[in-house]
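Single-structure report; data block below.
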Amino acid sequence: EAFKAKMYKAIHCSSFSPIYYRLVNSVSNLLPYHVLCQKRPTVRIQPPGVSSIIFHIDEWAGHDKNSLNAWFPLVDIHESASLGVVRQTLTESFLASFYSGKISASELERLCRDSAVFRSMKAGQVLLFGNHVLHGTTVNRSERVRFSLDFRLTQKSTSANLHQRYIEPSELLSGHLPSEHC
């Protein structure tokens, strides 16, 4: 918990904003439209023997329907500690069954765990997927703690910007976000 608190503080330091800006730009430059970015990235820590997050779509947490997730492992990871992503066609089928009451939340979780694709990745690589795709983790079966960072981008022209979660990437460098001096 102490390390998690230090990581949280680090991403709120004014010195982190230029790093985050470069990450956002590296992903947004791949896209054919102008984006808004999540104000702050999320740091995730998954120790061995722990599952960090159930399978879900980010729209359930209030993110823009058409946002794009960018997930970066901060350490090399084996597929046994990776983030799992369910193919779009299966996602649509699973969600239709879940929304219609044909399967329970626990059954949805089991189906996702059994069908998700988990990939080995190197630190700094990025996994991109749409907000409407089921994703989550299983128990970290590696011997190493998994550290990752994720954020969302959304198309500026279509963004609902619910809860004011997204900003212009240039605002990361403007000093408008509250930050700590570290």
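The charge dipole of the chain, taken about the Cα centre with unit charges on the Cβ atoms of Lys, Arg (+1) and Asp, Glu (-1), comes to about 220 debye, rounded to the nearest 20.
Against the criterion of solvent-accessible heavy-atom surface with a 1.4 angstrom probe, 89, 137 sort, most first, into 89, 137.
Sorted largest first by accessible area at a 1.4 angstrom probe radius, with every protein chain in place, the residues 102, 122 fall in the order 102, 122. Computing percent of Cα pairs over 31 Å apart for the structure here picks out one of (i) 14; (ii) 17; (iii) 30, namely (ii). The distance linking the range 116-160 with the range 70-91 is 5 Å (Cα centroid to Cα centroid, whole angstrom).
Pairs from the table (9/156; 122/156; 6/39; 9/39; 6/122) lying more than 25 angstrom apart at Cα are 9/156; 122/156.
Computed extension gain for residue 144 through residue 45, at 0.36 nm per residue and net of the alpha carbon distance, reaches 34.6 nm. Among 7, 121, the sequence by solvent-accessible area, most first, with a 1.4 Å probe is 7, 121.
Solvent exposure of residue 107, expressed as accessible area, is near 60 Å², computed with a probe of 1.4 Å over the protein chains only. With K and R counted +1 and D and E -1, the other residues having a Cβ less than 11 Å from that of residue 121 yield a net charge of +1. Counting only protein heavy atoms and a probe of 1.4 Å, the accessible surface of the chain is 56% carbon and sulfur. Normalised per residue, the accessible area of the range 76-182 is 55 Å², obtained with a 1.4 Å probe and no contribution from ligands, DNA or RNA.
The values are calculated or read from the model by the stated rules, or taken from the named source; none is laboratory data. Predicted, not measured: the structure shown is a model, and the values here were computed from it. Glycine gets a Cβ as well: all are built from the backbone with ideal geometry, and neighbour counts include every protein chain shown. Side chains are part of the model used for accessible areas, which takes the heavy atoms of the whole protein and leaves out ligands, DNA and RNA. Shrake-Rupley method; radii C 1.70, N 1.55, O 1.52, S 1.80 Å.
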